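The values are calculated or read from the model by the stated rules, or taken from the named source; none is laboratory data. Just so you know, these numbers come straight off a predicted model, no measurement behind them. Glycine gets a Cβ as well: all are built from the backbone with ideal geometry, and neighbour counts include every protein chain shown. Accessible surface areas use protein heavy atoms only, side chains included; no ligands, DNA or RNA. Shrake-Rupley method; radii C 1.70, N 1.55, O 1.52, S 1.80 Å.
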Amino acid sequence: MQAPGQAWDEVRVRLLKRREELSQRLASVKADLAREDEPLSPDFAEQAGQRENDDVLTALRISTEAELRELEVALSRLRAGKYGECRRCGYPIEPRRLDAVPYTDSCSLCASQVR
Ligand SMILES: [Zn+2]
């Protein structure tokens with residue numbers, strides 16, 4: 001068992017850094033979607049390209065927002081001293097799983113069972 005508080009410092013730093021990256025990405029995606037520096041082209045073909053680009057940006061915005069939400073939940077679990085503990089069975093989550101899926105709140109056994 002890892003000592004609560006200290007052991008997760010590295011994870012906390014990693015998550016905070018990721019939050020910074022995601023917030024910046026979200027801000028720039030939103031700015032692009034608001035088309036601050038590129039007005040819709042009068043050319044039809046170009047417009048179609050811009051619309052396609054908007055779809056990509058919107059998908060990126062949605063996935064970034066979703067990740068930010070998961071990240072916030074993980075951070076609050078960290079603050080509550082619950083990070084790394086399976087929400088279902090209460091056992092520690094495998095370090096390798098946490099490494100691969102840092103926002104997870106269940107061990108691989110529970111995750112493979114009922115959702
Ligand atoms: Zn479990």
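Leaving out ligands, DNA and RNA, what percent of the accessible area of the chain is carbon and sulfur, probe 1.4 Å? Its accessible area is 53 percent carbon and sulfur atoms.
With respect to the chain, whose longest principal axis is taken over its alpha-carbon atoms, helix 9-33 is tilted by about 20°.
Rounded to the nearest 10 degrees, the inclination of helix 44-79 to the longest alpha-carbon principal axis of the chain is 20 degrees. When the chain is described by a simple charge dipole with +1 on each Lys and Arg Cβ and -1 on each Asp and Glu Cβ, the residue from LEU26, VAL101, PRO42 located farthest towards its positive end is VAL101. Dipole check for the stretch 12-115: with +1 at the C-beta of Lys and Arg, -1 at the C-beta of Asp and Glu, and the Cα centre as origin, the magnitude is about 1060 Debye.
Taking only protein heavy atoms and a 1.4 Å probe, what accessible area per residue, in Å², does the chain have with all protein chains in place? If you can, show how the numbers build up before the last one.
Values: 8140 Å² over 115 residues.
Per residue, the chain has an accessible area of 71 Å².
When the Cα atoms of the chain are aligned to their principal axes, the ranges along those axes come out at 62, 31, 19 Å in descending order.
Can you compute the FRET efficiency between ARG79 and GLU21 using 1/(1 + (r/R0)^6), with r the Cβ-Cβ distance and R0 = 22 Å? Round to the nearest 0.05.
Numbers: r = 20 Å, r/R0 = 0.93.
For R0 = 22 Å, the calculated efficiency reads 0.60.
For CYS89, the residues whose amide H sits under 5 Å from its own are CYS107, ignoring neighbours fewer than 5 places away on the same chain, with H placed 1.01 Å from N.
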